[in-house]
Amino acid sequence: MALFRLIGTGGVIAYRALFNWTTPSMFIGSLLVGPIFQLLFFAYLGRQLGVADDRFYIVGNAVLAASLSCVFGGTMAVANERRFGTLGHVLLSPRSRTAVFLGRVLPYAGNGLLIAASTLTVGALLLGLRVPVRALPGLLLALAVAALACGFFGLTLGALGLRFRDVWVVSNVSVALLLLLTGVNVPAAGLPGWMRAVGEALPITHAARGARQLAAGEGLAAAAPALAAEAAVGLGYALLAAALLKIFEAESRRRASLDAL
Amino acid sequence: MSGYAIEAVGLRRTYRSRTGWLRPQRREVEAVRGVDLTVGNGELFGLLGPNGAGKTTTIKLLNTLLIPTAGTARVCGHDVVTQTREVRRRIGYVFGGDRGLYDRLSARDNLRYFAELYGVPAREQKRRIAELLDLVRLTGREQERVEGYSRGMRQRLHIARGLLHRPRVLFLDEPSIGVDPVAARELRRTVADLAATGTTVLLTTHYMAEADELCDRIAVIANGTIQALGTPAELRHHADGRQVLEVEAYGVADAQLAAIHALPGVREASVTVTGATQVLTVQSDAGVDVQAAVLRELDGVRLGRVTARQPTLEDAYVAIVNRINAPTRPLEAVGG
């Protein structure tokens, strides 16, 4: 029970304390409106160039929208501890680090799901995409899996913040890489082999593929392998984040690498 | 179990840093160079020293944030390197300054979050937070965001956070730094109350009056080693056989200070600046009247009040710390 409180209550309080975009203007502007304009940009560009149809861009950008709050949220979850000077007090906690930081992922993943669902809805309405009603539960599942995988990916980047002061650089580059390598806006077939390989290891790639299958009416059974692959990628990042947090915390005690207090 | 709340033996910590990429330069700084100390259960122990003396590093070694390069330390009988979780359950940590709190949250939410982190059982949290808000006199302001708090209020909230899980040992790292006199007095009262309830307190401070008023024993640390250790009364003996002359002045030059320092019978001479006024403090051998010679050296400087007085703990501290510039620097343990 105490563990669930640490993950649930602790995670929500940490989210309010550390996430920079919680004010209504920031949340709506940066997280809800921004991705819709990005979706429209790529959809119209796609129409001009004849690369893919609207569904490709609407679904792809909706899944991509889940990543924004997760990648930056995960980074803020650690980097802002440095900013407020609270990192030392968090590290002095006798509780499990995995539980403390896992709790921080969940609100960001929830945010990601909300933003992705909103982007998909508004994008479909604006561009006239018809999604079969029976596909909606599956699409919601795909967006949820993508958001969670992105949350753990973001936490991995955040863990780097225990070791490297300028971790925002990594977040900015990661967002650009997600845009390029995950097949959400550039069809994977058009990418060089090594880029496709890197994309396979990133979150969103598999969820976007599964979500497109669902939006095309192929059914959950057809999309299940892609969603399972996305879940596996998310799990991989969860384990990597837990390992990095442990390693970098131990290193900070040995090398005084944290300006902890 | 050990009879001591804190034990440190031969504690050392070296910081290694590297700057530059093409031609990296490595640097080593020995912040702590063999600290031995014991603090009894329920004792209020002061660690005094100038900036960079090794106070904060010593505390970080004891509270598990750093691993010693050499030596060992135990808190409540648990090793600070290998039994971190056991140590962390038993300690609280408070440091001075504006940072260290979540500015966007209220005081109550700050305490709620750290109550989760420090393992305060859910059924106790509400009562414990209310108790602590009352203790640090923040009741009624607990719903306000911390970003609007004064430094004194932040300091009191730091203390409340440090006490959430009823630690047996509390580390207070310069808690009154930058706090106004009234708030500092309140802080001292809170710390004294804590010690009265049996909490072991290790306090670092720059303020001698604070240490004198609160501490059962004091260790003076400088250059990474303990230079003197004893009760405040015992430490004052380091200035035995001295007298102090204080001169208010406006415009004492470095050369004049050096000349005063070189006068026969003068043991220490320093200048502190308070607003536009300089206060020249000269410690001299008790049997030597240096007043006339000092005033002669200050010829041409506008002077204010001139006072002769007996040495205080602060004078003893200055005497101890300045001794480290001497060629040999034996450890002096005065009683205790």
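Rule-based calculations on the coordinates, nothing more; no lab input. Everything numeric in this text was worked out from a predicted model, so none of it was measured. Cβ atoms come from the backbone with ideal geometry, glycine included; neighbour counts cover every protein chain shown.
Charge dipole (Cα centre; +1 on Lys/Arg Cβ, -1 on Asp/Glu Cβ; no other charges) of chain A amounts to roughly 520 debye. Per-residue Cβ neighbour counts within 10 Å put B:212, B:134 in the sequence B:134, B:212, beginning with the fewest. The Cα atoms of region A:135-201 give a gyration tensor whose axes a ≥ b ≥ c have a/c of 1.5 or more with a/b no greater than b/c, which makes the shape oblate. In terms of the mean number of neighbouring beta-carbon atoms within 10 Å, the peptides A:244-251, B:64-71, B:143-150, B:88-95 order highest first as B:88-95, B:64-71, A:244-251, B:143-150. Here the gap between residue A:257 and residue A:180, fully extended at 0.36 nm per residue and compared with their Cα-Cα distance, gives a gain of 24.4 nm.
Simple point charges give the picture: +1 on the Cβ of Lys and Arg, -1 on the Cβ of Asp and Glu, and for chain B a dipole about the Cα centre of about 1580 debye. Can you tell which of A:239, A:39, A:162 shows the greatest fluctuation in a Gaussian network model of chain A with Cα springs below 10 Å? Maximum fluctuation in the GNM of chain A, among the listed residues, is at A:239. Using a Gaussian network model of chain B with C-alpha springs under 10 Å, which one of B:274, B:14, B:205 is most mobile by mean-square fluctuation? Taking springs between Cα atoms under 10 Å, the residue moving most is B:274. Ratio of Rg to Rh for region B:241-310: 0.93 [Cα atoms; Kirkwood radius as inverse mean 1/r over pairs]. By the Stokes-Einstein formula, at 1.567 mPa s and 4 °C, region B:31-154 with its Kirkwood radius over alpha-carbon pairs has D equal to 77 µm²/s. Summing charges over all other residues whose Cβ lies under 15 Å from the Cβ of residue B:280, with Lys and Arg as +1 and Asp and Glu as -1, gives -3. The fewest-to-most ranking of A:44, A:15, B:207 by surrounding Cβ atoms within 10 Å reads A:44, B:207, A:15. FRET efficiency for the pair residue B:30 and residue A:140, taken as 1/(1 + (r/R0)^6) with r the Cβ-Cβ distance and R0 = 51 Å, rounds to 0.30. Within the shell of other residues whose beta carbon sits under 15 angstrom from the beta carbon of residue A:58, the net charge comes to +3, with Lys and Arg scored +1 and Asp and Glu -1.
Counted residue by residue at 0.36 nm each, then reduced by the alpha carbon distance between them, the extension gain from residue B:166 to residue B:286 reaches 38.4 nm.
Here residue B:51 and residue A:96 are evaluated by their C-beta separation; at R0 = 45 Å the FRET efficiency comes out at 0.75. Taking one equal scatterer on every alpha-carbon of region A:136-261, how large is log10 of I(q)/I(0) by Debye at q = 0.17 1/Å? The computed values of log10 I(q)/I(0) come out as -0.87.
If R0 equals 25 Å, the separation of the Cβ atoms of residue B:144 and residue B:272 corresponds to a calculated FRET efficiency of about 0.10. Look at B:84, A:23 and count the other Cβ atoms within 10 Å of each Cβ; fewest to most, that gives A:23, B:84. Only Cα sites of the protein assembly as shown enter the Debye sum here, all with the same form factor; the resulting log10 I(q)/I(0) across q = 0.05, 0.06, 0.07 1/Å is -0.31, -0.43, -0.56, listed in q order. Per residue, the protein assembly as shown reaches -16500 deg cm²/dmol at 222 nm when only DSSP H runs of four or more residues are counted, each adding -39500 (n - 2.57).
Ordering B:262, B:308, A:84 by Cα displacement along the dipole of the protein assembly as shown toward the positive end leaves A:84 in first place; charges were set at the Cβ atoms of Lys, Arg (+1) and Asp, Glu (-1). Using only side-chain charges placed at the Cβ, +1 for Lys and Arg and -1 for Asp and Glu, the dipole size of the protein assembly as shown relative to its Cα centre rounds to 1820 debye. Could you pull out which residues in region A:104-145 have an amide N less than 19 Å from a spot 7 Å beyond the Cα of residue A:224, following the Cα-Cβ vector? Residues A:134-145 qualify, since their backbone N sits under 19 Å from the label point. From largest to smallest, the equivalent ellipsoid semi-axes obtained for region B:4-236 from the alpha-carbon gyration tensor read 29, 21, 19 Å. Of B:302, B:112, B:267, the residue with the greatest mean-square motion in the GNM of chain B, using alpha carbon springs below 10 Å, is B:302.
Computed over neighbours whose Cβ is under 13 Å from that of residue A:199, the net charge equals 0, Lys and Arg +1, Asp and Glu -1. Taking the charge dipole of region A:33-174 about its Cα centre, with +1 at Lys and Arg Cβ atoms and -1 at Asp and Glu Cβ atoms, the residue from A:34, A:142, A:75 reaching farthest to the positive side is A:75. Taking the centroid of alpha carbons for each part, region B:39-85 and region A:74-138 are 38 Å apart. Each of B:202, B:102, B:226 was placed along the dipole of region B:4-236 (beta-carbon charges, centred on the mean Cα), and the one lying farthest toward the positive end is B:102.
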